[in-house]
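Report on the following structure.
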Amino acid sequence: MDTSHKTYALTTLPGDGIGPEVMREALRVVHAVGEVVGYTFTITEALIGGAALDAHDNPFPLETQNTCLAADAVLLGAVGGPKWDHHVGDMRPESGLLALRKLLGTYANLRPVSVPESLASSSPLRSDIVAGTDLLIVRELTGGIYFGEPKNREATEEGEVAYNTMVYSTEEIRRITRIAMQWARKRKNKLTLVDKANVLVASQLWRDVVRKMHKEEYSDVELDVLYVDNAAMQLVLAPSQFDVIVTSNLFGDILSDLAATLPGSLGMLPSASLGGRTGLFEPVHGSAPDIAGQGKANPLAMILSASMMLDALGRSDAATVVRNAVQRVLDEGYRTGDMWKEGCTLCSTEEIGKRVTQYAVEEIGSLAA
């Protein structure tokens, strides 16, 4: 255990819907572990998304921007919901999230997906297909069709026309590919590029750049290339064939949500967005306003996102303890409603958070003994 005491500046953005509930449990865990292993967080809470629209008529206020830039890490709950569906363009809650990623320069989104034996039967797919799946989706996060210009919605004599533009540069592709290749080397040494090069010119550039980098710098890594429609099918038919997947912003968004079906719930998928000085850590799931405030939300994706934050801050000791505690909770059959099945113990959001905290502290104690 690293026993050196450090203090980190953390900006928390609870966001909308279930965001504040799952954030509360993630902070419960990291605070408790920090008290034992010797780190603390100086926390500044700020508004984003719908909550910021309500308070400031802006989904990403300047005050929030400044506190995020000053932080060592940013922890985000979730944004959006039907309440704000009447907003359009840059006034939508989700535009605050896109602006946050752009501000921090977090161009690399890492989304791990694993299905331990204890979760295999929770999947809507056959347990023998999903059991043992352990893959990492590396999604380009600050380019592509979400940010490309021109984009607009305008009236014509025949009716409205709306358009977006997919734009990528060689350097944008190179920097995300380099991260994906390095992660592949740490894992099973296999990388799959997902594109749509048979249709999209932007994807043709992706394929050319990735193949050139593979030949010149990463020939030791096994490289496979799949069209996105085939990749989606393969994720369902044989997910264990994948190690690291690298892809563009749009395709990564879709595939990572599809991959959430493997463990049976979006509530199990964390993510880390890296590339700038300050990392952004958030669960993949949305704000789920239909269950907000009812204690039904699954906090594990948020807790696992916090463990990825600890890794990025150099506290891999604490991160490992948190992940082990989550695994123990799952192995012992504690579940929120999204993952509950006969024979498991149904728990509230808070009960899961407290159980993970207890097991993490217990493991630290056993390591110190």
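A few remarks follow.
- Other-chain or far-sequence residues with amide H under 5 Å of Gly279's (modelled H): Val74
- Where labels lie 7 Å past Cα in the beta-carbon direction, separation of Val161 and Arg211 in nm: 3.4 nm
- Placing a label point 7 Å from the Cα of Ala238 along the Cα-to-Cβ direction, the residues of the range 135-161 with a backbone N closer than 19 Å are 135-136.
- The range 328-366: GluC sites (Glu not before Pro) in DSSP loop, at most 11 other beta carbons within 10 Å: Glu342
- Computed label-point distance, nm, for sites Arg153 and Arg277 using a 7 Å Cα→Cβ extension: 3.7 nm
- Highest-first arrangement of 154-161, 88-95, 263-270, where packing means the average Cβ count within 10 Å: 263-270, 88-95, 154-161
- Under the Karplus curve 6.51 cos²θ - 1.76 cosθ + 1.60, θ = phi - 60°, whole-Hz ³J(HN,Hα) for the range 164-177, x wherever Gly or Pro sits: 10, 10, 8, 10, 9, 9, 4, 5, 4, 6, 4, 5, 6, 5
- With θ taken as phi - 60° and the Karplus curve 6.51 cos²θ - 1.76 cosθ + 1.60 applied, the whole-hertz 3J(HN,Hα) list for the range 310-319 is 4, 4, 5, 7, x, 10, 5, 4, 5, 4 Hz, x standing for glycine and proline.
- Cut-off under 5 Å, modelled amide H: who pairs with Gly337 long-range: Cys347
- Thr133 long-range amide H proximity, modeled H, under 5 Å: Val115
- Cubic angstrom per residue, convex hull over Cα atoms of the range 134-261: 116 Å³
- Structure-derived Rg and Dmax of the Cα atoms in Å: which label, when the choices are (i) 22.1, 74; (ii) 21.0, 64; (iii) 20.5, 77: (iii)
- Computed over the chain with a Gaussian network model linking Cα atoms closer than 10 Å, the most mobile of Pro239, Pro112, Pro82 is Pro82.
- Extension gain for Arg174 to Gln294 (0.36 nm times residue separation, less C-alpha to C-alpha distance): 38.7 nm.
- Partners for Lys102 among lysines (Cα-Cα distance below 30 Å; same-chain residues under 8 apart left out): Lys6, Lys83, Lys151, Lys186, Lys190, Lys196, Lys212
- Nitroxide proxy distance, nm - points 7 Å out along Cα→Cβ at Asp90 and Leu346: 4.7 nm
- Under Karplus coefficients 6.51, -1.76 and 1.60, residue-wise ³J(HN,Hα) of the range 24-35 in Hz, glycine/proline x: 4, 6, 5, 5, 4, 5, 5, 5, 5, 5, x, 4
- Over the range 1-141, the pair-distance histogram of Cα-Cα distances with 5 Å bins from zero comes to 2, 9, 14, 15, 16, 16, 13, 9, 5, 1, 0 percent, rounded to whole numbers.
Bear in mind that the values in this text are calculations on the coordinates, not laboratory data. Small disclaimer: the values here were computed from a predicted structure and weren't measured. Please note: Cβ atoms are built from the backbone with ideal geometry, for glycine as well, and neighbour counts cover all protein chains shown.
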